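One structure below.
The values are calculated or read from the model by the stated rules, or taken from the named source; none is laboratory data. Predicted, not measured: the structure shown is a model, and the values here were computed from it. A quick note on method: Cβ atoms are made from the backbone with ideal geometry, for glycine too, and the neighbour counts reach across all protein chains shown. Note: areas computed on protein heavy atoms with side chains; ligands, DNA, RNA excluded. Shrake-Rupley method; radii C 1.70, N 1.55, O 1.52, S 1.80 Å.
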Amino acid sequence: MLRLAWRNVWRNRRRSLINVAAMGFGLAAIMFGQSLLISLQGQLIEKATGSITGHVRVQRSDVDESKFPDKFMADPEPAGRLLDQDPRIAVWGRRIHLTGLVSSPNASLGALICAVEPHKEKRLTDMSTYIKEGTYLDPNGKGIVMGRKIAGRLDVRLGEKVVIMAQAADGSMGAEAFRVVGIHQTGSESFDGQIVWLPLKAMQEMLGRPGQANQLAARVKDIDLAEAVALDIDQRLPPGNIRAISWKKIDREIIGIQAFQNGILTVVLVIVFMIVALGILNTQLMSLFERVREFGVLMAIGARPRWIVRLILAESLVLGSVGALLGLVVGAVLIGHFGRHGLHLPVGEAFSYFLPFPSVIYMIPAWRMHAFACVSVFVITLLASLPPALRAGRLKPAEALRHV
Amino acid sequence: MSSLVEVKGVHKIYPGGSKVAALRGVDLKIERGEFSALAGPSGSGKSTLLNLIGTLDRPTKGTVSYDGHVVSTLDADPLSDFRLRSLGFVFQAYNLIPVLTAVENVEYPLVLQNADPKERRALAHEALKWVGLTEYAERRPDLLSGGQQQRVAVARAIVTRPSLVLADEPTANLDSKTGAQLLDLMEGLNRDHGITFLFSSHDGAVLERARRVVRLQDGELKADEVRAR
């Protein structure tokens, strides 16, 4: 049957090729879209968690905004021990993130002050890799790292001093001079123009909060485990107003963007599948009308009606297989090419206002999604050919043989 | 002993506005080994009767039996199986499957029977040998003449060793010489292999070759002539 189906498909070579091309390029387009989306989302998550958020955070549960936990944990050490004991965690560090004032002899600016444990932060985030001048922070020093834009606005250069002011534990304004030891350039307006980085120890001293932090940020070995790790840690935290949450509860806008993008992809997917389905339906209907007499002959020589149905479905399967194969090859080549050479996307520039986001996306395959698309093409192909197949199966041999 | 085919009180009325009565109470018996023809002008009901005997259509009234068993009331699947094992068809327009070679066309009923691939290929070659087309086995129909295509159709009809081969105007699309050759072939198969043939024609020269001619007119059986040869 497959031999006959194969030959029947190529009986009208041009029509079949158009159909196969429509299916193939449709599938390739879907694969490309899936890969682009996965790459983009992966990059977005990696940059958001890898630049500032971390995968799991322990912080006060009564903060107004999870992204900026400005309330201090009086004793973060029990939570720290839990993070230490969890083998799924690659690294964790104490942090103080606060809004404050950065002043130079020439200007004063409001900024997000991020005090970190430098040796841990180097593994927790990739900010140290963006240093363009000077060095990263010394844990015991009084250096400050800032973006090129904020340095420009403050009119300070490497080696010059700035004063940091923020509210201390007793309610007074804590102030301390820090020397600029590093200038970074991430390409992000927020990071380069609104954030400064200090050693945690110096910040604790300045605020009169020795040993305190307002967040513990952790990087897990597998980001897919972040949610489970956060849940486990949260359940084991001592009673009080501290909780552990994953990046998904902190960077909620990314989840929103993901949902939006997935929604658009689904709509595109449905449209492409409908085009494929209509193409198959059209081909098989035309093929049916052209071959009514032939089906009559097959029935006359003893083919059962369901055999005719199966023959038409087999022809669709052949079309679907060739189309899917073409789609897989074209899609894989496209993804492979842009995986190696990258794809320049203006969307990178849009994201880079908020994050150090590259404008070149290196595409990665999303095999599970591609497999789903492939299977869908098969299913759609079979479903679309079912009406003509059933119609052919209902033909009466004598009438079919009279068909001109 | 029952006849190979028994048509009893068969009527065929085609539905529609005018409700054309193509057959009106036809009774007919076909015995094993016959080489018979249905004769009559266009519209006399030859093809309709052939279709009913071939179980390609169902009578409005009456029955068609093979070996004493009524087949005209069988469901679609058993009817297909019956045709597959017991009947062979030769059509006026050859009706070979254009994408298959001659031997594949001949082999196809055996494919439907799920016969062993080697065995069915051997039987197909044998059938092609019987019709004198061994050297054309691998050609597709479009590379065969009309006469050759009709010989392939005959080979396809006999490959399953059916009880009866039905041929609807088998020579109508052939020139007289090729038509005569085809009749020679069918006659030889009937004589040498005992295959029963029932064919329709309105061509006097063709009817001359039949040993029995059943004449139809306006859907009724008008004459049943048996000739000694």
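Here are a few things to note about the model shown:
- Any hit, segment A:63-83, residues being free of Cβ contacts under 8 Å to residues at least 60 places away in the same chain and farther than 23 Å from A:Ile255 by Cα: yes
- Residues located in segment A:1-17, provided they are under 16 Å from A:Ala324 (Cα atoms) and without any contact (Cβ under 8 Å) to a residue 40 or more places away in the chain: A:Leu17
- Here A:Gln204, A:Gln194, A:Gln215 are screened, and the one residue that is closer than 30 Å to A:Glu133 by Cβ, in contact (Cβ under 8 Å) with a residue 40 or more places away in the chain, open to solvent by 60 Å² or more (accessible area, probe 1.4 Å) and not hydrophobic (A, V, I, L, M, F, W, C) is A:Gln194.
- Residue in segment B:144-169 that is most open to solvent (accessible area, probe 1.4 Å), counting only those that are more than 14 Å from every other protein chain (Cβ to nearest Cβ) and in a loop (DSSP other than H, G, I, E, B): B:Ser145
- The number of residues in segment B:90-107 being within 10 Å of another protein chain (Cβ to nearest Cβ) and small (Gly, Ala, Ser) comes to 1.
- When B:Asp184, B:Asp175, B:Asp218, B:Asp192 are checked against the criterion of being at pLDDT 90 or above, open to solvent by 40 Å² or more (accessible area, probe 1.4 Å) and acidic (Asp, Glu), a single residue qualifies: B:Asp218.
- Here A:Asn241 meets the list (1) open to solvent by 60 Å² or more (accessible area, probe 1.4 Å); (2) at pLDDT 90 or above almost entirely, failing just condition (2).
- Residue match in segment A:122-143 (condition: β-branched (Val, Ile, Thr), over 19 Å from A:Gly54 (Cβ atoms) and under 28 Å from the mean Cα position of the chain (by Cα)): yes
- Taking segment A:147-175 as the range and being in a strand (DSSP E or B) and of a type in the set (A, V, I, L, M, F, W, C) as the test, the residues that pass are A:Val162, A:Val163, A:Ile164, A:Met165, A:Ala166, A:Met173, A:Ala175.
- Residue count for segment A:21-59, restricted to those that are open to solvent by less than 10 Å² (accessible area, probe 1.4 Å), of a type in the set (Val, Ile, Thr) and either within 14 Å of chain B (Cβ to nearest Cβ) or farther than 30 Å from A:Ala213 by Cβ (or both): 1
- Of the residues making up segment B:57-78, those that are touching a residue at least 24 places away in the same chain (Cβ under 8 Å) and within 9 Å of chain A (Cβ to nearest Cβ) number 1.
- B:Val26 being within 12 Å of chain A (Cβ to nearest Cβ) and either over 24 Å from A:Arg394 (Cβ atoms) or of a type in the set (S, T, N, Q) (or both): no
- Any hit, segment A:77-100, residues being aromatic (Phe, Trp, Tyr) and over 28 Å from the mean Cα position of the chain (by Cα): no
- Just one of the numbered conditions (1) assigned to a helix (DSSP H, G or I); (2) among the aliphatic types (A, V, I, L, M); (3) in contact with a Leu (Cβ under 6 Å, 6 or more places away or on another chain) is not true of A:Val276: (3).
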